[in-house]
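Values in this text are rule-based calculations from the coordinates and carry no lab data. Every value quoted in this text rests on a predicted model; they were computed, and no experiment measured them. Here the Cβ is made from the backbone with ideal geometry for all residues, glycine too, and neighbour counts use every protein chain on show.
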Amino acid sequence: MNSASRSLLSIEQLDAGEILKILKFARSMDPDRPRPLLKGKRVFLLFYEASTRTRTSFEVAAKSLGAQTVLIQSAGSSIEKGESLLDTGYTLRALGADVIVIRHPNAGAAHVMERHIDVPIINAGDGLHEHPSQALLDANTILRNKKSFKGLQVAIVGDIFHSRVARSACHLLSKFGVKIILCGPHELVPEIATTIAPGVSVARDVNDALHGTDVLMLLRVQTERLAGLKIDPADYIARYQMTSARLKMAKKDCILMHPGPIIRGLELTSEVADGMQSRILEQVRNGVPTRMAILARAVGKMR
Ligand code: ASP
């Protein structure tokens, strides 16, 4: 495998077999039992956008595998002085990068890096496009709770339009025949969202989305990306906020997921966030072994 094929740019371009291979390897990874698969390697974390979970979990994952990590954030680096994406990439390569993990506000940024810099690139979120490591850790969480994707119905409720998490989730789940229902107001869930992947439909009424659902994914309204789009929080809460009463409409053993950050009192109540069906913190925990697998794959050690 060359550096390009060890990159992780999107879920759309992975086939089901490769996804299952990564998930299987992730099951064998344990941050409490470190393995030196990345010993002597340098992992650069290049973050042009805010992040808590993704950045820290890539860092914990890389260190658990014995790598050195270096964090570069746009504030305080030469990016602020106008350095281009590629010049930053060439600089990291000259500094001996073995893997570059990048989060960028523009869709396609990770692809541009991968095309020009011969170092494995991991997309940690590119604009509205994809967030592949999130989809893999979510799949890991689903499989730990539901054993298989067979016959599952997944409802994704919230700001689908601005969500790279939703796009990656749809691509992944669709490859395994999962029935996917996207739910929210027209502004946040345009009808065209059904074309993301096969098996995707849209529901406007949250009760329709919840009926028969095994896995419920909630998404934050991405206020930083609304760009003039007006969402009335009171109306959103009245129609879509996940409450204990609403959650009862789903299957009894439905699990509740959210990529974070959660906004308590907006897309969900505290009772639901902290309730028995919530897997939000389990997702965070599963992020580390999943990202260990992604990093091991990047350096050719996923065997
Ligand atoms: N953390 C996720 C992302 O970076 C979701 C969010 O920000 O709401 O896409």
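Here each label is just a point 7 Å from Cα along the line to Cβ, and for Arg115 and Thr91 those points are 2.3 nm apart.
Relative to the longest principal axis of the Cα atoms of the chain, the long axis of helix 85-94 lies at roughly 50 degrees. Taking all Cα pairs closer than 8 Å and separated by 6 or more residues, the relative contact order of the chain comes to 22 percent. Over the chain, dividing the summed -39,500 (n - 2.57) contributions of all DSSP H runs of at least 4 residues by the number of residues returns a 222 nm mean residue ellipticity of -10500 deg cm²/dmol.
Going by average Cβ neighbours within 10 Å, how do the peptides 156-164, 60-68 rank, with the highest at the top?
By packing density, highest mean first, the sequence is 156-164, 60-68.
Among Met113, Met29, sorting on how many other beta-carbon atoms sit within 10 Å of each Cβ, with the fewest leading, yields Met29, Met113.
Both radii were evaluated on the Cα set of the stretch 211-260; the Rg over Rh quotient, with Rh as the Kirkwood radius, amounts to 1.04.
How many percent of Cα pairs in the stretch 148-303 exceed 28 Å? In whole percent, the long-distance tail amounts to 19.
The alpha carbon radius of gyration of the chain, expressed as a multiple of 2.2 N^0.38 Å, is 0.98.
Going down the table (Lys81/Lys301; Lys175/Lys252; Lys81/Lys175; Lys63/Lys150), which pairs top 31 Å between alpha carbons?
On the way: Lys81/Lys301 37 Å; Lys175/Lys252 26 Å; Lys81/Lys175 42 Å; Lys63/Lys150 35 Å.
With Cα atoms farther than 31 Å apart: Lys81/Lys301; Lys81/Lys175; Lys63/Lys150.
Comparing Ile100, Ile231, Ile142 in a Gaussian network model of the chain, where Cα atoms under 10 Å apart are tied by springs, the biggest mean-square fluctuation is seen for Ile231. Taking Cα atoms, how many degrees apart are the long axis of helix 16-27 and the longest axis of the chain, rounded to 10 and kept between 0 and 90? Long axis of 16-27 versus the principal axis of the chain: about 80 degrees.
Measuring nothing but how far apart in sequence close Cα pairs (under 8 Å, 6+ apart) lie, relative to its length, the stretch 90-173 scores a relative contact order of 26 percent. Computed on the Cα trace of the stretch 1-117, the radius of gyration divided by the Kirkwood hydrodynamic radius gives Rg/Rh = 0.96.
Distances between every pair of Cα atoms in the stretch 49-142, grouped in 10 Å steps from 0 to the bin holding the largest one, split as 15, 48, 33, 4, 0 percent.
Each Lys and Arg contributes +1 and each Asp and Glu -1, all at the Cβ; summed about the Cα centre of the chain, the dipole is approximately 1280 debye. A DSSP coil position with no more than 14 other Cβ atoms inside 10 Å describes the following GluC sites (Glu not before Pro) in the stretch 164-264: Glu187. Computed about the Cα centre, the dipole magnitude for the stretch 64-201 is approximately 700 debye when only Lys and Arg (+1) and Asp and Glu (-1) carry charge, each at its Cβ. Relative to the longest principal axis of the Cα atoms of the chain, the long axis of helix 53-64 lies at roughly 40 degrees. Label positions at Lys147 and Asp253, each projected 7 Å from the Cα along the C-beta direction, are separated by 0.7 nm.
Determine the shape class of the stretch 218-301: with a ≥ b ≥ c the square roots of the Cα gyration tensor eigenvalues, call it rounded for a/c under 1.5, and otherwise prolate if a/b is greater than b/c, oblate otherwise. In terms of gyration-tensor shape, oblate.
For the stretch 254-303, the relative contact order is 36 percent, taking Cα pairs closer than 8 Å that sit 6 or more residues apart in sequence and dividing their mean separation by the residue count.
A full extension of the chain between Asp30 and Arg204 corresponds to an added length of 58.6 nm, given 0.36 nm per residue minus the alpha carbon distance. Each of the peptides 283-290, 51-58, 78-85 was scored by the mean count of other Cβ atoms within 10 Å over its residues; in descending order, highest first, they stand as 283-290, 51-58, 78-85.
3J(HN,Hα) along the stretch 220-237, derived from phi through the Karplus expression 6.51 cos²θ - 1.76 cosθ + 1.60 where θ = phi - 60°, amounts to 6, 6, 7, 4, 5, 10, 5, 6, x, 5, 9, 10, 8, x, 5, 5, 4, 4 Hz, with x in place of Gly and Pro.
Label positions at Ala234 and His186, each projected 7 Å from the Cα along the C-beta direction, are separated by 2.2 nm. Note on Met276/Ser84: beta-carbon distance plugged into 1/(1 + (r/R0)^6) with R0 of 35 Å gives a FRET efficiency of 0.10.
Other residues whose C-beta falls under 11 angstrom from the C-beta of His162 contribute a net charge of +1, scoring Lys and Arg +1 and Asp and Glu -1. Considering only Val70, Ala26, Ile102, the residue lying farthest towards the positive end of the dipole of the stretch 1-160 is Ala26, judged by Cα position with unit charges set on Cβ.
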